[in-house]
1. Nearest 500 deg cm²/dmol is fine: what mean residue ellipticity at 222 nm does the chain get from its DSSP H runs of n ≥ 4 alone, each adding -39,500 (n - 2.57), divided by its residue count?
2. With the dipole of the stretch 1-135 worked out from charges on the C-beta (+1 for Lys and Arg, -1 for Asp and Glu) around the Cα centre, which of 3, 120, 88 lies farthest toward the positive end?
3. Can you compute 3J(HN,Hα) from phi for each residue in the stretch 46-51, using the Karplus curve 6.51 cos²θ - 1.76 cosθ + 1.60 with θ = phi - 60°, rounded to whole Hz and x for Gly and Pro?
4. How far apart, in nm, are the 7 Å Cα→Cβ label points at residue 66 and residue 35?
5. At q = 0.18, 0.21 Å⁻¹, what is the base-10 log of I(q)/I(0) for the stretch 28-136 according to the Debye formula with one equal point scatterer per Cα and no solvent? Please give it to two decimals.
6. In whole Hz, what ³J(HN,Hα) sequence does the stretch 21-37 give by Karplus (6.51, -1.76, 1.60; θ = phi - 60°), x for Gly and Pro?
7. Say a site is exposed when it is one of the GluC sites (Glu not before Pro), sits in a DSSP loop, and has at most 13 other Cβ atoms within 10 Å; what is then the longest site-free stretch of the chain?
8. Out of all DSSP beta bridges with both ends in the chain, state the antiparallel percent to the nearest 5.
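Nothing in this text is a laboratory measurement; each read-out follows from the coordinates by a stated rule. Computed from a prediction, not measured in an experiment: that's the story for all the values here. Here the Cβ positions follow ideal geometry from the backbone for every residue, glycine too, while neighbour counts run over all protein chains shown.
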Amino acid sequence: MRYLHTMVRIKDIDESLHFYCDLLGLKEVRRKDNEKGRFTLIFLAAPEDTESSQQVQAPELELTWNWDPEEYDGGRNFGHLAYRVDDIYALCQKLMDNGVTINRPPRDGHMAFVKSPDGISFELLQAGDALSPQEPWASMENTGSW
């Protein structure tokens with residue numbers, strides 16, 4: 001398992017980049033605009049982690065700016081922790097066998113979401129290429145939120 005990133009939602013890109021980059025000293029390493037989803041992702045890394053970030057996209061802080069205004073309350077501004085895993089199906093099976101709800105099953109062989117006992121959302125990402133879709137995951141519905 002490898003720690004990848006933590007995602008937080010932001011209301012103002014310039015104000016946020018001033019805080020995270022100008023004041024804290026993080027560096028912007030890449031940015032992605034998603035017109036269909038109407039959001040921008042900005043990935044930051046600590047100065048000592050920029051080389052690692054460029055090579056393996058970890059460890060990073062992901063800032064998510066939704067183009068349509070939204071008020072974030074009750075912790076909605078905090079998104080999730082992300083980890084790359086060797087076998088997403090095996091890990092999800094282990095979690096499920098131990099009573100953990102798979103909120104977003106790995107239908108695509110690439111991504112799943114689960115929650116900690118405290119309600120913290122975890123994104124699990126398959127290392128390398130996505131695994132071939134297989135049951136029970138391929139037909140499993142989402143449960144709750146993530």
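1. Values: 3 runs with 22 residues, N = 146.
After summing the helix terms and dividing by the residues of the chain, the value is -4000 deg cm²/dmol.
2. In the stretch 1-135, that residue is 88.
3. Once rounded to whole Hz, the list reads 5, x, 6, 10, 5, 5.
4. The answer from the label model is 2.2 nm.
5. Relative scattering, expressed as log10 I(q)/I(0), comes to -1.09, -1.25.
6. These are the phi-based 3J(HN,Hα) values: 9, 5, 8, 7, x, 5, 10, 6, 10, 6, 9, 9, 9, 10, 5, 4, x Hz.
7. Details: sites that count: 35, 70, 71, 141.
The longest uninterrupted stretch comes out as 72-140.
8. Details: 26 of 37 bridges.
Of the beta bridges lying entirely in the chain, close to 70 percent run antiparallel.
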